[in-house]
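Structure first, commentary second.
Each reported figure results from applying straightforward, stated rules to the coordinates on display, with no laboratory input. Remember, it's a predicted structure, so these values are computed and weren't measured experimentally. Quick reminder, even Gly has a Cβ in these numbers, built from the backbone with ideal geometry, and neighbours come from all protein chains shown.
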Amino acid sequence: MSAREEILQRVRGGLGKGDLAGRRAAAESLVRNPVHGPQPRLDADLTRRFASKARYLASSVEHVDCLAQVPTAVARYLADQGLPLLAVATGDVAGFDWPGSGVEIAVRVAVDADKTGISGCFCAIAETGTLMLLAGPQTPGSVSLLPETHIAIVPVGRIVATMEDAFALLRAEHGKLPRAVNFISGPSRTGDIEQTIVLGAHGPCRVHLILVGENS
């Protein structure tokens, strides 16, 4: 045994970390069976809670009954904001009838020139008004992070109560983490300059949520 290995062995022994295989097994067991800490009590209407929290975080919220109404709702929002009917979009929303609404979309990663990004979401968290987005080949993270305006399509059936529920859903449906998980809680903001809140400093300055479903 070298001097280095001897020293490290003594350190591990002093820290009680000699059983590497046992520690790994314990860590994997904890990941598979997480222990939840205290959680808030939420009322049964998760859609209302999510919308309320999202508005508190400076997002705007609209409700529609079905996915077929989404393109028209997007066109109306862009017109109300004085924005062109042009956007970059993720692949999970590419199949909507965008031509029928007059909105022209490009399904690709976002670039600096893009003013509006349209995306779906993996799920939404009622406790905090937060979106959970998974990055992947069809859902590049740049679409929700780079343009000044982000429009997210949120089926009400994908609204869960807490962050723990969101990760449980991710484990159940995907088994492992994707390349990136992005959490969006309203427009980007900072208070770095004289503690004055400024929107859009590090990402979108507008976040518009279209909730879709009968419970909306």
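Figure the gain on full extension for Phe183 and Arg76 (residue separation times 0.36 nm, minus the Cα-Cα span) and round it to one decimal in nm. Could you put the intermediate results ahead of the total?
On the way: separation 107, 0.36 × 107 = 38.52 nm, distance 2.60 nm.
Between Phe183 and Arg76, full extension yields an extra 35.9 nm.
Taking 7 Å along the Cα-to-C-beta vector as the label spot, tell me the Val11-Ala106 distance in nanometres, rounded to one decimal.
Here the answer is 5.1 nm between the modelled labels.
Picking from Arg76, Arg12, Arg171, which is most flexible by a Gaussian network model of the chain using Cα springs under 10 Å?
Ranking Arg76, Arg12, Arg171 by mean-square fluctuation puts Arg12 first.
GNM on the chain, C-alpha springs below 10 Å: top fluctuator among Ala106, Ala89, Ala25?
Comparing Ala106, Ala89, Ala25 in the GNM, the peak value goes to Ala25.
Would you please give the FRET efficiency between Leu42 and Cys66, computed as 1/(1 + (r/R0)^6) with r the Cβ-Cβ distance and R0 = 30 Å, to the nearest 0.05?
Using R0 = 30 Å, I get an efficiency of 0.70.
With 10 angstrom as the radius, rank Cys121, Cys205 by how many other C-beta atoms surround their C-beta, starting from the fewest. Intermediate values should be presented prior to the final figure.
Values: Cys121 23, Cys205 16.
Neighbour counts put them in this order, fewest first: Cys205, Cys121.
Treat each spin label as a single point 7 Å out from the Cα along the C-beta direction, and report the Tyr56 to Lys115 distance in nm.
Each label point lies 7 Å from its Cα, and together they span 3.3 nm.
Cut-off is 10 Å between beta-carbons; in what order do Val61, Val11, Val107, Val70 appear when sorted fewest neighbours first? Each step should come with its number before you reach the end.
Details: Val61 19, Val11 10, Val107 16, Val70 23.
Neighbour counts put them in this order, fewest first: Val11, Val107, Val61, Val70.
Rank these for me by crowding, Ile7, Ile184, Ile151, going from fewest to most other beta carbons within 10 Å.
Ranked by crowding around the Cβ, least crowded first: Ile7, Ile184, Ile151.
Give me the one-decimal nm value for the distance between modelled label points at Val35 and Arg23, 7 Å along each residue's Cα-to-Cβ direction.
Inter-label distance under the simple model: 1.9 nm.
Ignoring solvent entirely, what values of log10 I(q)/I(0) come out of the Debye formula for the chain at 0.14 Å⁻¹ when each Cα is a single scatterer?
Listed by q, the Debye log ratios stand at -0.87.
How big is the antiparallel share of DSSP beta bridges in the stretch 1-140, given as a percent to the nearest 5?
Here the antiparallel bridges make up roughly 40 percent for the stretch 1-140.
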